[in-house]
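**Q** One structure, as structure tokens, below. Some questions next.
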Amino acid sequence: MARQKSAGYTVEQRIRDVLWAARERKIGYRTQRGPAFAKPLTPADEQAWKNAGSPTLCDGCLPGKTYFTPLKMTRTPVTDLPADPEALKAEILRTNDKDTPEAWLWGVGKWLLLDAESTSATMAGLYRVLAGLPGVRVEDNVADIDGRTGIALTYGEASARQQIIIDRDSGQLLAVQEGDGSSAYVVQRLGWTDDPAPKESTYS
């Protein structure tokens, strides 16, 4: 999801993206992407859009998520990563050769949560690693762009702010948001299944 301001109104663009990852990587990653759509964010934005002549809303709509794999992390199967926070932190830092430790841990952490076949135990350990980073704030009752509330790990300030929002009861990832909410990945369902990936999926 992305929100863009144009000619006095804000447009929200969304695309549905489904990722399937084989546990042992025998078939790699598959994605199934739905069509992008856009609409004025609020009734006031819709009126401003109409006043502007109702121009095309989806010019340059989101093409879908780009899946990110940190350099060297593929050498260790994600499902084999430790659950213990200190051991997990050490394993992630072992692959870092260019960034500050905090930036690398945060960046890899988002990848493990959003793009990888992480186990629930590894995710729990990862939450603790990220919560303990310098500059990261743990905030309660933070809403994602769909209005769901949870515990947020907040990193950075103002337009550079990034938030990982977690459901308090289940521990499931709800969303990863950036800036003032102008860009976000909203997670509707996350977990393991024995079902095969849909045949119409395409390789990423």
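**Q** Restricting to region 142-193, count the residues that are free of Cβ contacts under 8 Å to residues at least 40 places away in the same chain, of a type outside the set (Val, Ile, Thr) and within 24 Å of residue 102 (Cα to Cα).
**A** So the count comes out to 18.
**Q** How many of the residues in region 102-153 are part of a loop (DSSP other than H, G, I, E, B), under 14 Å from residue 187 (Cα atoms) and hydrophobic (A, V, I, L, M, F, W, C)?
**A** 2
**Q** Restricting region 67-101 to residues that are of a type outside the set (A, V, I, L, M, F, W, C), part of a helix (DSSP H, G or I) and open to solvent by less than 60 Å² (accessible area, probe 1.4 Å), which is modelled with the lowest pLDDT?
**A** 79
**Q** Tell me, please, whether a residue that is at pLDDT below 80, under 24 Å from residue 144 (Cα atoms) and surrounded by 14 or more Cβ atoms within 10 Å (Cβ to Cβ) can be found in region 106-115.
**A** Checking region 106-115: not a single residue is at pLDDT below 80, under 24 Å from residue 144 (Cα atoms) and surrounded by 14 or more Cβ atoms within 10 Å (Cβ to Cβ).
**Q** Do we have residue 171 as over 30 Å from residue 80 (Cα atoms), in a loop (DSSP other than H, G, I, E, B) and modelled with pLDDT of 90 or more here?
**A** No: the conditions fail for residue 171.
**Q** Moving on to the next point. Scan region 172-183 for residues that are open to solvent by less than 30 Å² (accessible area, probe 1.4 Å) and either closer than 24 Å to residue 125 by Cβ or among the charged types (D, E, K, R) (or both) and report the count.
**A** Number satisfying all stated conditions: 5.
**Q** Among the residues of region 142-151, count how many are open to solvent by less than 50 Å² (accessible area, probe 1.4 Å) and either at pLDDT below 90 or touching a Leu at 6+ places or on another chain (Cβ under 9 Å) (or both).
**A** Residues flagged as open to solvent by less than 50 Å² (accessible area, probe 1.4 Å) and either at pLDDT below 90 or touching a Leu at 6+ places or on another chain (Cβ under 9 Å) (or both) within region 142-151 amount to 3.
**Q** Here's something else I'd like to know. Among 116, 103, which is the only one that is out of contact with any helix residue (DSSP H, G or I) (no Cβ under 6 Å at 6 or more places or on another chain) and either on the phi > 0 side of the Ramachandran plot or hydrophobic (A, V, I, L, M, F, W, C) (or both)?
**A** After applying the criteria, what remains is 103.
The values are calculated or read from the model by the stated rules, or taken from the named source; none is laboratory data. This is a predicted model, so every value here is computed, not measured. Neighbour counts run over all protein chains shown; Cβ positions are idealised from the backbone, glycine included. These area figures cover heavy atoms from the full protein model, side chains too; ligands, DNA and RNA do not enter into them. Shrake-Rupley method; radii C 1.70, N 1.55, O 1.52, S 1.80 Å.
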